[in-house]
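Single-structure report; data block below.
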Amino acid sequence: ALFYVTDGQLNWGWRAVAATVVTLVAAVLLPSLIGVKRVRLLSRSALEISRGDLSKVAMPEGSGLRDDIDELATAIGNMQENLRDLVGHIQHTAQSVADSANDLQRSAEGVNGSTEEVGSSMKTIASGAEAQTELVGHASKVITSMAQSIQKTGISAEDAARAAVDTSSAAEEG
């Protein structure tokens, strides 16, 4: 009898095996559960962006290592920043049009010239306003399209999160 194992040693061995199994399961499942939470946060951010709220930051806390969720967060953040820039540009353009219209109106009021000259200025204002309306309409369609894309991305992210939870549950059940 070279090796003699007591009941206490055997019990300790099973505890070590059980602790190892629990540690491995936690090491595998914990990162995926954290990833699901980050996907849900991104999905919520994408939904808020699609509803026109560009004020909140769409970047959830990373896990330290760069992964696909970080890439998605960066893409959504970049898209959000680009939408902010686009809205700012549209607002600037609209302000320029309003300033030009005000300048032309003041000029028209100050001129005691012919009715034909005033009529021509008003046509120019109307033409410029009409062109700007078309540009703003086009920009609005682009923003709507982007918002729909963001919403689709959010739905896809939610589906991925559900699939991850289902996979996690299936893995836990064996």
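Quick notes on this one:
- Any hit, region 123-130, residues being acidic (Asp, Glu), open to solvent by 50 Å² or more (accessible area, probe 1.4 Å) and closer than 30 Å to residue 45 by Cα: no
- Applying the set (1) open to solvent by 60 Å² or more (accessible area, probe 1.4 Å); (2) at pLDDT below 85 to residue 69 leaves exactly one unmet item: (1).
- For region 133-174, taking the residues that are of a type in the set (S, T, N, Q) and under 24 Å from residue 79 (Cα atoms), the one that is surrounded by the most Cβ atoms within 10 Å (Cβ to Cβ) is identified as 153.
- Sole residue being open to solvent by 90 Å² or more (accessible area, probe 1.4 Å) and either charged (D, E, K, R) or modelled with pLDDT of 90 or more (or both), chosen from 105, 91: 91
The values are calculated or read from the model by the stated rules, or taken from the named source; none is laboratory data. All of these numbers come straight from a predicted model, not from anything done at the bench. Positions of Cβ are backbone-derived with ideal geometry, glycine not excepted, and every protein chain shown enters the neighbour counts. Please note that ligands, DNA and RNA were not included when accessible areas were found on the heavy atoms of the full protein model with its side chains. Shrake-Rupley method; radii C 1.70, N 1.55, O 1.52, S 1.80 Å.
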